[in-house]
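Report on the structure given below.
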Amino acid sequence: MDSPTPHLISRRDALIVSAATAAAVSSTAPVAAAPAAASASAVPLMKVSLNVNGQAHALELDTRTTLLDALREHLHLSGTKKGCDHGQCGACTVIADGRRINSCLTLAVMHEGGQITTIEGLGTPQNMHPLQAAFVKHDGYQCGYCTPGQICSAVAVLDEVKRGVPSHVTADLTARPILSAEELRERMSGNICRCGAYSNIVDAITEVAGSRT
Ligand code: FES
Ligand code: FES
């Protein structure tokens, strides 16, 4: 007479056993607290006041919002571009309290009460900033994606030179920097142009610098 062998337990039997085991465990285990549901109230919000291009804005932002996202997504100033979002390309350059910064690398709440200037605040198509006009004149762009950051950066560079702020290649730290091509390229090295319009960008900035310094 054939006797049942242990290894011939069917897959169906195995499933029944495992289901029964799970049910037994769940009936004896204490009821675990449900994970906290992600809700809007869990988002850390904070009020922040920014003056952007001369206009006051009162915002309530997730504290993790970068200045770049606050400008683009909350104030709809899309002139400032998001390239790498990692501080490596300079496309997001704006001027904050007189200094150029990568707006992707700073939180909006860190600029409470700050004065921010974006490309929209420098000029308009009808009334361009001298650097905007020079970029047009010298073909300082191709696709234009890096251009707002390049121009904001260039505006701040001219101001840095005017204030005598040295750069890595400034030979005499006690004298006012001379805006040579080397000096200019060094100061603008944080602004990447994937179209390679560098020589025209240098021409544009040099022309404006020549008329100002
Ligand atoms: S987007 Fe900020 S440095 Fe590239
Ligand atoms: S003009 Fe295209 S990336 Fe600079």
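Within the stretch 64-101, which residues are away from ligand 2 (no atom under 16 Å from the Cβ), of a type outside the set (A, V, I, L, M, F, W, C) and within 20 Å of Ser189 (Cβ to Cβ)? If the condition is that a residue be away from ligand 2 (no atom under 16 Å from the Cβ), of a type outside the set (A, V, I, L, M, F, W, C) and within 20 Å of Ser189 (Cβ to Cβ), then His86, Gly87, Arg99, Arg100 are the ones that fit.
The number of residues in the stretch 90-114 that are part of a helix (DSSP H, G or I) and either near ligand 1 (Cβ under 6 Å from one of its atoms) or exposed (fewer than 14 other Cβ atoms within 10 Å of the Cβ) (or both) comes to 2.
Taking the criterion of being within 16 Å of ligand 1 (Cβ to nearest atom) and either outside any loop (DSSP other than H, G, I, E, B) or surrounded by fewer than 18 Cβ atoms within 10 Å (Cβ to Cβ) (or both), the residues of the stretch 65-78 that qualify are Thr66, Leu67, Leu68, Asp69, Ala70, Leu71, Arg72, Glu73, Ser78.
The helices (runs of 4 or more DSSP H) located wholly in the stretch 135-213 that include 3 or more residues which are of a type in the set (Val, Ile, Thr) occupy 147-162, 198-210. Of all residues in the stretch 115-134, those being surrounded by fewer than 20 Cβ atoms within 10 Å (Cβ to Cβ) and assigned to a loop (DSSP other than H, G, I, E, B) number 7. Just one of the listed residues (Gly54, Gly87) is surrounded by fewer than 17 Cβ atoms within 10 Å (Cβ to Cβ), within 11 Å of ligand 1 (Cβ to nearest atom) and of a type in the set (Gly, Ala, Ser), namely Gly87.
No lab work stands behind these numbers, since they all come straight from the coordinates. Remember, it's a predicted structure, so these values are computed and weren't measured experimentally. Cβ coordinates were reconstructed from backbone atoms using ideal geometry, including for glycine residues, and neighbour counts include every protein chain displayed.
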